[in-house]
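Colleague: The structure is given below, and queries will be raised subsequently.
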Amino acid sequence: MIDTNIKADFFNRLAPDGQILRLLDLLPEVSFFLKDCESRFMGLNRRGCEICGISREEEAIGKTDYDFFPKEKADIYRAHDIAVMKSGEPILERIETAPDQVGTERLVITDKIPIRDHRGLVMGLAGIGRQVERLSGRSGTVDQFARMIDHMQKNFGESMTTRELAKMSGMSVSQFERRFRRAFGSSPRQYLLRLRVNAASRLLVETRETIATIAQHCGFHDHAHLCRSFQRVMNTTPSMFRKTSKG
């Protein structure tokens with residue numbers, strides 16, 4: 001049987017020089033960050049620095065998202081940080097728009113996990129952001145696909161079918177579903193659900209609307225449908241998310 005102390009001893013002997021984290025600089029399409037329990041940056045890789053618009057990691061240490069991004073974006077990042085650290089549960093594969101270093105919008109897939117001290121208490125979080133795979137295809141098709149994504153983002157609260165989205169993209173249903181999954185790592189329906197949950201999380205933070213009203217605004221059938229979907233995507237309930245984000 002393997003001695004369970006071997007792993008602990010190995011990590012205890014590591015020099016605290018951050019060299020392992022520097023490996024993440026070799027992944028130019030992946031941003032990596034570490035935050036403490038106050039959501040202050042404790043570590044950033046090179047891509048993370050680029051997104052924050054800084055040249056060196058040291059310029060971010062001790063600062064928060066509010067120092068680099070618009071308040072409406074930082075509010076959501078902060079709320080998700082708190083949800084992860086309060087619940088001790090990760091938020092995985094959340095698709096969202098995020099500002100890059102020149103202020104434009106891009107789609108990223110974000111993962112956040114809690115990190116714990118030697119007593120098992122949550123002391124912060126670690127996260128990565130991965131830009132959605134670039135779309136390629138025949139001339140015109142890429143633009144059609146991009147317009148369809150824009151349509152989904154602007155009209156997520158409305159009813160829409162996969163067939164309608166495929167037609168908007170100039171593809172057959174099977175081709176559309178195959179290409180969508182390759183680009184986003186999820187089906188069109190799963191992506192739409194994430195858009196709705198992300199919108200609900202914003203309204204939970206920024207408004208005092210009831211959960212039932214938010215469900216209606218975001219395209220869910222009812223209060224219960226929103227609660228089930230929110231729990232599945234965010235690993236917490238809407239009411240708990242609202243409570244912790246306000247705390």
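Colleague: Conditions first: (1) at pLDDT 90 or above; (2) under 17 Å from the mean Cα position of the chain (by Cα); (3) part of a loop (DSSP other than H, G, I, E, B). Lys63 passes all but one, so which condition is the exception?
Modeller: (2) is the only condition that Lys63 fails.
Colleague: Could you go through the range 150-171 and let me know if any residue there is over 20 Å from the mean Cα position of the chain (by Cα), in a loop (DSSP other than H, G, I, E, B), among the aliphatic types (A, V, I, L, M) and more than 25 Å from His217 (Cα to Cα).
Modeller: Yes, the conditions are met somewhere in the range 150-171.
Colleague: Here is a further query. State which residue is surrounded by the most Cβ atoms within 10 Å (Cβ to Cβ) when the search covers only the range 22-71 and only residues that are in contact with a strand residue (DSSP E or B) (Cβ under 7 Å, 6 or more places away or on another chain), within 16 Å of Arg130 (Cβ to Cβ) and of a type in the set (A, V, I, L, M, F, W, C).
Modeller: Leu44
Colleague: In the range 215-244, which residues are closer than 13 Å to Ser87 by Cα and within 16 Å of the chain's Cα centre (by Cα)?
Modeller: Selection gives Gln231, Met234, Asn235, Thr236, Phe241.
Colleague: Of all residues in the range 169-206, how many are surrounded by fewer than 19 Cβ atoms within 10 Å (Cβ to Cβ) and touching a Pro at 6+ places or on another chain (Cβ under 9 Å)?
Modeller: Going through the range 169-206 one residue at a time, the tally reaches 2.
Colleague: Quick one: which of Phe176, Phe220 is part of a helix (DSSP H, G or I) and either touching a strand residue (DSSP E or B) at 6+ places or on another chain (Cβ under 9 Å) or touching a residue at least 12 places away in the same chain (Cβ under 8 Å) (or both)?
Modeller: On the way: Phe220 fails: part of a helix (DSSP H, G or I).
One residue alone meets the criteria, Phe176.
Colleague: Give me a count of the residues in the range 185-203 that are under 25 Å from Pro70 (Cα atoms) and in contact (Cβ under 8 Å) with a residue 60 or more places away in the chain.
Modeller: Adding up the residues that qualify gives 6.
Colleague: Determine, yes or no, whether Ala83 is under 22 Å from Leu204 (Cβ atoms), among the small types (Gly, Ala, Ser) and either surrounded by 14 or more Cβ atoms within 10 Å (Cβ to Cβ) or modelled with pLDDT of 90 or more (or both).
Modeller: The answer is yes for Ala83.
Colleague: So, in the range 39-60, of the ones that are assigned to a loop (DSSP other than H, G, I, E, B) and of a type in the set (A, V, I, L, M, F, W, C), which residue ends up farthest from Pro28 (Cα to Cα)? Spell out how you get there, then give the answer.
Modeller: Step one: filter the range 39-60 for residues assigned to a loop (DSSP other than H, G, I, E, B), giving 39-40, 45, 53-56, 60.
Retained after the next criterion (residues that are of a type in the set (A, V, I, L, M, F, W, C)): 54, 60.
Numbers: Ile54: 15, Ala60: 18 Å.
Restricting to residues being assigned to a loop (DSSP other than H, G, I, E, B) and of a type in the set (A, V, I, L, M, F, W, C), the top hit is Ala60.
Let's see how each residue does on (1) modelled with pLDDT under 90; (2) among the polar types (S, T, N, Q); (3) farther than 20 Å from Ala199 by Cβ; (4) touching a Ser or Thr at 6+ places or on another chain (Cβ under 9 Å):
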position	(1), (2), (3), (4)
Glu89	yes, no, yes, yes
Thr97	yes, yes, no, no
Val102	yes, no, yes, no
Ile128	no, no, yes, yes
Gln144	yes, yes, yes, yes
Gly157	no, no, no, no
Met171	yes, no, yes, yes
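Colleague: Hey, any hits in the range 18-40 for a residue that's at pLDDT 90 or above and touching a Cys at 6+ places or on another chain (Cβ under 8 Å)?
Modeller: no
The values are calculated or read from the model by the stated rules, or taken from the named source; none is laboratory data. These numbers were taken from a predicted model, which means no experiment stands behind them. Backbone-built Cβ (ideal geometry, glycine too); neighbour counts: all protein chains shown.
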